[in-house]
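Heads up: the structure comes next, in structure tokens.
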Amino acid sequence: MTTIKQADLIESVAAALQYISYYHPADYIAHLARAYEREQSPAAKDAIAQILTNSKMSATGHRPICQDTGIVNVFLKVGMDVRWEGFTGSLDDAINEGVRQGYNHPDNTLRASVVADPQFDRKNTKDNTPAVIFTEIVPGNTVEVTVAAKGGGSENKSKMVMLNPGDSVVDWVLKTVPTMGAGWCPPGMLGIGIGGTAEKAVLMAKESLMDDLDMYELQAKSASGEALTKVEALRLELFEKVNALGIGAQGLGGLTTVLDIKIKMYPTHAASKPVAMIPNCAATRHAHFVMDGSGPVYLTPPSLDTWPDVDWKPDYVKSKKVDLNTLTKEEVASWTPGQTLLLNGKMLTGRDAAHKRIADMLAKGEKLPVDFTNRVIYYVGPVDPVKGEAVGPAGPTTATRMDGFTEMMLAQTGLISMVGKAERGPVAIAAIKKHQSAYLMAVGGAAYLVSKAIKHAEVVGFADLGMEAIYEFDVVDMPVTVAVDSGGTSAHITGPALWQERIATGEFKNIAVTNA
Ligand SMILES: O=C(O)C[C@H](O)C(=O)O
């Protein structure tokens, strides 16, 4: 009989959450490094370079990889021969105390992203509790814990379908992935659950994302002529076909959209084939540890040799410097799709809750707390600063969620441009074209790198919204790409279309990768 103490469980969960906030799993880095080497699309290669550079900066700086430090998922496998000591509440209460302590660590405070009462008040719980916890009772005398910090952007793209038994999973995946856009921050993983019941398929899809990436091993196995299992063959087929869609890093078009595909299955009803698919973003964060009663568990930091020799820096030759303090509508209208810019000067921020409040205030004829005339807005919810930082990691949030507010912002507030991540939908593109505006894209998953371009940050409105408040940032050489120009051309439409066509020619089939 093993005894697990409450204090040890709390400490282990808190330490693991800190660890995964700044260390990417080594298998993810190894796969991304190979994708970087293979990538032929300049825009996608640049995005992957930013993600790799950001990842190493986070590992050395012990600050979050992404400003979205996630909602905590915990999977517990509790041995039947385990007893508990010192518990003042339930097992879930202890896990949540670990989350509280992990997210409020003074040296690396993580972002509080969880809101209670999701349909009505949506009030931030301030400490990222509660976690979403699944517990299984298994034979044995240990407690196995898997913790993950799942970003909202990738979770939002989760899909579930009840297929007919004879329907093709491959067809459904290939039809569905393009509808997910780039808000899930590719390149990442797709977790697929097949079978069981509706909820079991979704749970399996999520659990499959906790496995290590091993697609390169699987490719090597296939190339050697060794027989693959049916699931392995399906994973490989999906991997190749999804990448052939040409979506690419950040949806800008390129060779790698997914680094791996994971599949879990469970017996199902003869009438059913439930299928769920959950993407994991570039900020793939999870860790697994086993408690055996000997005290708290601390994970071993990875060697810095894990990261490839990639050090992204602003390219002053290729990119155009923009002075936000003197920016005019005319200059915004002159930007071209795919052009890279380095932003300098003052910009405002605002995301979901701020846009909703602005809309409500304008509808009531109320004065806004800030003047948006000739300003650029950055869709972001930053991490709070620690130890002399101007701001914590501050990467872009999914712009598509702001589409419904874009006409209002451009028509009624004097705003002239927007920065976010992922594609804009038809309504936003029409508004951008009508107002001769432009939408700029920063790299999702490069939040710590981006934060280094922010020299000063100050809340200037809606302070009660926490990370969703309106800030004013003063930036130096913040890297962005023109994703929708004033003519309404979207790099998220033209890029993937071009790369899908090029991949189909077979011209990239035999690119050798040395970084194996
Ligand atoms: O909440 C955020 O900061 C970003 C979100 O994860 C998103 O990808 O849209």
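The values are calculated or read from the model by the stated rules, or taken from the named source; none is laboratory data. Computed from a prediction, not measured in an experiment: that's the story for all the values here. When we count neighbours, we look across all protein chains shown, and the Cβ atoms used for this are built from the backbone with ideal geometry, even at glycine. Protein only, heavy atoms only, side chains kept; ligands, DNA and RNA dropped before computing areas. Shrake-Rupley method; radii C 1.70, N 1.55, O 1.52, S 1.80 Å.
Within segment 404-447, the set of residues being open to solvent by less than 20 Å² (accessible area, probe 1.4 Å) and in a helix (DSSP H, G or I) comprises 406, 409, 410, 428, 431, 432, 447. What are the residues in segment 347-383 that are of a type in the set (Asp, Glu) and either in a loop (DSSP other than H, G, I, E, B) or away from the ligand (no atom under 16 Å from the Cβ) (or both), if any? Within segment 347-383, 360, 366, 371 meet the criteria. When the residues of segment 342-400 are filtered to those that are charged (D, E, K, R) and closer than 30 Å to residue 60 by Cβ, the one that is surrounded by the fewest Cβ atoms within 10 Å (Cβ to Cβ) is 387.
Does segment 386-393 include one or more residues that are in contact with a helix residue (DSSP H, G or I) (Cβ under 8 Å, 6 or more places away or on another chain), charged (D, E, K, R), within 13 Å of the ligand (Cβ to nearest atom) and modelled with pLDDT of 95 or more? No, because not a single residue in segment 386-393 is in contact with a helix residue (DSSP H, G or I) (Cβ under 8 Å, 6 or more places away or on another chain), charged (D, E, K, R), within 13 Å of the ligand (Cβ to nearest atom) and modelled with pLDDT of 95 or more. Pairing each residue of segment 424-447 that is at positive phi with any residue that is of a type in the set (Gly, Ala, Ser), provided the two are 6+ apart or on different chains, yields C-beta distances under 7 Å for 436/333; 436/486; 445/282; 445/283; 445/395.
Yes/no per residue for (1) in the same structural domain as residue 2 (by TED's automatic domain parsing); (2) out of contact with any Pro (no Cβ under 8 Å at 6 or more places or on another chain); (3) crowded, with 18+ Cβ neighbours inside 10 Å:
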site: 32; (1), (2), (3): no, no, yes
site: 43; (1), (2), (3): no, yes, yes
site: 47; (1), (2), (3): no, yes, yes
site: 51; (1), (2), (3): no, yes, yes
site: 54; (1), (2), (3): no, yes, yes
site: 59; (1), (2), (3): no, no, yes
site: 72; (1), (2), (3): yes, yes, yes
site: 76; (1), (2), (3): yes, yes, yes
site: 82; (1), (2), (3): yes, yes, yes
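Summed over segment 162-181, the residues that are within 16 Å of the ligand (Cβ to nearest atom) and open to solvent by 20 Å² or more (accessible area, probe 1.4 Å) give a count of 0.
Looking only at segment 453-474, residues that are open to solvent by 30 Å² or more (accessible area, probe 1.4 Å) and in contact (Cβ under 8 Å) with a residue 60 or more places away in the chain come to 8 in all. Checking 354, 411, 422 one by one, the residue that is of a type in the set (A, V, I, L, M), more than 20 Å from residue 481 (Cα to Cα) and in contact with a strand residue (DSSP E or B) (Cβ under 6 Å, 6 or more places away or on another chain) is 354 and no other.
Going through (1) surrounded by 20 or more Cβ atoms within 10 Å (Cβ to Cβ); (2) closer than 30 Å to residue 297 by Cα; (3) within 16 Å of the ligand (Cβ to nearest atom) one by one, residue 184 falls short only on (2). Taking segment 270-294 as the range and being more than 16 Å from the ligand (Cβ to nearest atom), outside any strand (DSSP E or B) and among the charged types (D, E, K, R) as the test, only 292 passes.
Hey, any hits in segment 482-491 for a residue that's in contact with a strand residue (DSSP E or B) (Cβ under 9 Å, 6 or more places away or on another chain), within 20 Å of residue 359 (Cβ to Cβ) and modelled with pLDDT of 95 or more? Checked against the condition, which is being in contact with a strand residue (DSSP E or B) (Cβ under 9 Å, 6 or more places away or on another chain), within 20 Å of residue 359 (Cβ to Cβ) and modelled with pLDDT of 95 or more, segment 482-491 yields no hits at all. Scanning segment 448-458 for residues that are of a type in the set (A, V, I, L, M), under 23 Å from residue 49 (Cβ atoms) and not in a loop (DSSP other than H, G, I, E, B) yields 449, 450, 454.
When residues in segment 303-333 are screened for being surrounded by 11 or more Cβ atoms within 10 Å (Cβ to Cβ), touching a residue at least 60 places away in the same chain (Cβ under 8 Å) and not in a loop (DSSP other than H, G, I, E, B), 6 of them pass.
Can you confirm whether segment 32-49 contains a residue that is within 16 Å of the ligand (Cβ to nearest atom) and either out of contact with any strand residue (DSSP E or B) (no Cβ under 8 Å at 6 or more places or on another chain) or acidic (Asp, Glu) (or both)? Within segment 32-49, one or more residues are within 16 Å of the ligand (Cβ to nearest atom) and either out of contact with any strand residue (DSSP E or B) (no Cβ under 8 Å at 6 or more places or on another chain) or acidic (Asp, Glu) (or both). Within segment 141-159, the set of residues being open to solvent by less than 30 Å² (accessible area, probe 1.4 Å) and of a type in the set (D, E, K, R) comprises 150 only.
If you take the residues in segment 119-140 that are among the acidic types (Asp, Glu) and open to solvent by 30 Å² or more (accessible area, probe 1.4 Å), which one is farthest from the ligand (Cβ to nearest atom)? So the residue we want is 136. For residue 245, the conditions (1) in contact with a Pro (Cβ under 7 Å, 6 or more places away or on another chain); (2) open to solvent by 10 Å² or more (accessible area, probe 1.4 Å); (3) more than 21 Å from residue 219 (Cα to Cα) all hold with the exception of (3). Step by step: first the residues of segment 141-161, then only those that are under 11 Å from the mean Cα position of the chain (by Cα) and part of a strand (DSSP E or B), then the one that is nearest to the ligand (Cβ to nearest atom). Which residue is that? Of everything passing the filter in segment 141-161, 150 is nearest to the ligand (Cβ to nearest atom). Out of everything in segment 475-505 that is outside any helix (DSSP H, G or I), hydroxyl-bearing (Ser, Thr, Tyr) and within 22 Å of residue 180 (Cα to Cα), what residue ends up being least open to solvent (accessible area, probe 1.4 Å)? The selected residue is 490.
Can you confirm whether segment 202-221 contains a residue that is in a helix (DSSP H, G or I), more than 21 Å from residue 166 (Cβ to Cβ), under 25 Å from the mean Cα position of the chain (by Cα) and polar (S, T, N, Q)? Yes; the residues of segment 202-221 include at least one that is in a helix (DSSP H, G or I), more than 21 Å from residue 166 (Cβ to Cβ), under 25 Å from the mean Cα position of the chain (by Cα) and polar (S, T, N, Q). You will find that of 236, 218, 209, 203, the residue that is open to solvent by 20 Å² or more (accessible area, probe 1.4 Å) and assigned by TED's automatic domain parsing to the domain that holds residue 252 is 203 and no other. When segment 26-59 is filtered for residues that are part of a helix (DSSP H, G or I), under 13 Å from residue 255 (Cβ atoms) and over 17 Å from the mean Cα position of the chain (by Cα), the ones remaining, listed by number, are 34, 35, 36, 37, 38, 42, 43, 45. Checked across segment 63-84, the condition of being part of a strand (DSSP E or B), within 16 Å of the ligand (Cβ to nearest atom) and aliphatic (A, V, I, L, M) holds for at least one residue.
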